[in-house]
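The values are calculated or read from the model by the stated rules, or taken from the named source; none is laboratory data. Keep in mind the model is a prediction, meaning the values are calculated, not measured. Ideal geometry is used to build each Cβ from the backbone, glycine not excepted, and the neighbour counts take in all protein chains shown.
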Amino acid sequence: MRCQKFAFVLAISLVIAFNFPGLAQVAEQPVAIFHAFNQNYNDVKKFVCELADQGYSHIQIAPTQKSNSSQKWWARYQPIDYGVIEGKGSQEDLRQLIAQAHECQIKVIADVVFNHMANLGGGDDFEDLSKFPGLSKDDFYSAPGNPGKKPCDINYNDGNRNSELNCWLGRLPDLKYTANVKKIQKAHLKKLLDLEIDGFRFDAAKHMPADVVKEYVDYINRESKGSTWNYLEVITDSDTRAGDYKWIAAVTDFILYNSMKAAFTFGGDLRSLRIPIAVDDSRSVTFGRNHDTIREINSSAINPYDDPSDSYLATAYVLARESGTPLILNWDHADAPYIKTGVKFRQIMYQRSKAGGNVKENVLATVDSSTVLLIERGNEGVFVVNKAAGKFDIPILDLTLTNIEGCYRELRNNFTVAVQHRQNGKKFVTRWGTQNRGGMEVQGRDALYFIREPWQQCQIDS
C-alpha cells in the first residue's frame with residue numbers, strides 16, 4: 001500500500017513538473033483548517049498562535065475584497081471592487097495577520113468570490129452595473145438588450161449545467177469571463193499572493209466554467225511556484241458532480257456531509273459509516289457543518305441539522321478519519337471540547353505517519369451498534385464516538401482481529417487503556433481507566449481519542 005501511495009504521489013509530482021516546470025514544490029495537504037468565519041483580521045491575529053498549539057496547520061479567513069457594506073455575514077460574498085481590500089480589515093491588517101500566522105507556522109487560506117458581484121439595492125431582477133469599478137455591462141450576463149436585467153433563473157435539475165453557468169445566483173449579477181474580468185481577478189489573486197497568502201478557496205466554483213477555474217489555479221501555481229493549497233466549493237446536485245471539478249483541485253465533500261447527517265441524527269445508524277459514501281478523493285474538504293448548512297444564519301441552508309450537537313459529533317468523526325481535509329467552523333471549535341482534542345489527535349496521527357507509523361483507518365465491526373462507532377488508526381490511535389444520550393458500557397471487548405495492542409492514552413481525559421493477549425491467543429481490553437475493569441465505557445454524546453503510548457505508561461497509572 002505504501003509503495004502504491006508513493007507511486008501515486010510521484011506520478012502527480014511528475015505531471016505537475018511537466019506542466020509547470022517553474023514550480024519549486026507541491027503544497028502539502030492541510031492537517032486541519034480553522035474556519036475563522038466572519039471574523040475580523042485583527043481579532044484572528046490575537047489567537048492564531050493558539051491554533052498552532054492546538055494542532056491546526058491552516059486558517060481560512062473571510063473574503064478580502066471590498067464588498068456589500070451590510071454587516072451581515074453574507075455581504076462578504078457580494079463583491080464590489082477587487083482592487084481594494086476592505087471589510088474584515090484593511091490591507092495592512094491582513095498583512096499583519098499573515099505575518100503573525102507565519103511566525104506560528106500557520107498558513108492562511110483566502111476565500112475568493114469570482115462568480116458574481118453584489119446586489120446593491122437594484123431589486124431581485126435588476127442591478128446598476130455601473131457601480132462596480134473597472135467593470136462594464138459587457139462583463140455581465142444580462143437579458144438581451146437590457147443590461148443589468150436578470151437573464152434567467154438557475155435550474156439544478158434540467159439535465160445540463162447551462163443555467164448554473166450563465167444565470168444569476170439569486171439576485172447576484174453573474175460575471176462573464178471576459179479578458180477584462182480575468183485581468184481584474186488575477187490582479188486580486190496576485191495582490192494576495194504578494195501578501196504571502198498560502199492558499200485559496202474558490203466560492204461558488206460550480207457556477208464558474210471549469211476551464212476558467214483551471215486557468216486561475218494554474219495562474220496561482222505559477223505565481224506561487226506551487227506553494228499554495230487550493231480548494232473549490234462544489235455543492236453537488238442533479239446537474240453537477242464533484243468529478244466535474246476535482247481534477248482541478250480538491251473540492252468540498254457535501255456527499256460525505258449528507259452521509260454523516262443521515263447517520264448522526266436521531267434514528268440514524270452509525271454502521272452506515274463503515275464504508276461511507278463520499279467524494280472519491282483523499283484531499284476533499286470535509287466538515288460536520290459549515291456556514292451553508294446552518295439554518296439560523298441561512299434561510300436556504302443545505303440539509304441542516306435540527307440538533308447542532310449532532311453536527312459536533314460528525315465533526316469529531318471527520319477529525320478521526322485518515323482521508324479528507326477537515327474544515328472546522330470557529331463556533332464548533334469553541335462549543336464542543338472534544339473537537340479541539342480531535343484536532344490534536346489528527347496532528348499526532350499525521351506526525352506518526354510521517355515517521356513511518358501505521359495510521360491506516362479501519363472502522364471496527366467488533367462493536368456492532370447503531371449509536372457507537374469504533375475506529376482504529378493502524379496501531380497508533382483509536383477513536384470512539386457515542387451519539388446516544390445514555391452511557392455505552394460493555395464489560396468485555398475482544399480486539400483480536402485488529403491492529404490495536406499495548407497502552408493507549410485518551411487525550412482529553414488523560415486516562416489509559418490497555419489491550420493485551422490472553423492465554424487463548426485473543427486480545428482484549430484489560431484496562432479501561434483503571435486496572436479494576438476492562439471492556440469499554442463511553443459517556444453519552446461524547447467522543448474519545450486515544451494515542452499509543454509506551455507500555456510503562458499503563459504501569460505507572462496502575
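None of VAL31, VAL26 is farther than 14 Å from ASP93 by Cβ, surrounded by fewer than 23 Cβ atoms within 10 Å (Cβ to Cβ) and under 13 Å from the mean Cα position of the chain (by Cα) except VAL31.
Residues checked against (1) within 30 Å of ARG295 (Cα to Cα); (2) outside the structural domain of ASP239 (by TED's automatic domain parsing); (3) more than 31 Å from the chain's Cα centre (by Cα); (4) in a helix (DSSP H, G or I):
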site: GLN71; (1), (2), (3), (4): yes, no, no, no
site: TRP74; (1), (2), (3), (4): yes, no, no, yes
site: ILE80; (1), (2), (3), (4): yes, no, no, no
site: ASP93; (1), (2), (3), (4): no, no, no, yes
site: PRO133; (1), (2), (3), (4): no, no, yes, no
site: ASN157; (1), (2), (3), (4): yes, no, no, no
site: SER163; (1), (2), (3), (4): yes, no, no, yes
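Specify which of the listed residues (ASP280, ASP239, ASP310) is of a type in the set (Asp, Glu) and either assigned to a helix (DSSP H, G or I) or under 25 Å from LEU448 (Cβ atoms) (or both). Being of a type in the set (Asp, Glu) and either assigned to a helix (DSSP H, G or I) or under 25 Å from LEU448 (Cβ atoms) (or both) holds for just one of ASP280, ASP239, ASP310, which is ASP310.
Within region 100-141, the only residue that satisfies the criterion of being without any contact (Cβ under 8 Å) to a residue 24 or more places away in the chain and within 16 Å of ASN166 (Cα to Cα) is LYS137. Just one residue in the set GLY438, GLY357 is part of a loop (DSSP other than H, G, I, E, B) and touching a residue at least 40 places away in the same chain (Cβ under 8 Å); that residue is GLY438.
On the basis of being in contact with a helix residue (DSSP H, G or I) (Cβ under 7 Å, 6 or more places away or on another chain), assigned to a loop (DSSP other than H, G, I, E, B) and of a type outside the set (Val, Ile, Thr), does GLY123 make the cut? No: the conditions fail for GLY123.
Being within 17 Å of the chain's Cα centre (by Cα) and either in a loop (DSSP other than H, G, I, E, B) or among the hydrophobic types (A, V, I, L, M, F, W, C) (or both) is not true of ALA301. Any idea how many residues of region 220-258 are among the acidic types (Asp, Glu) and touching a Phe, Trp or Tyr at 6+ places or on another chain (Cβ under 9 Å)? So the answer is 4.
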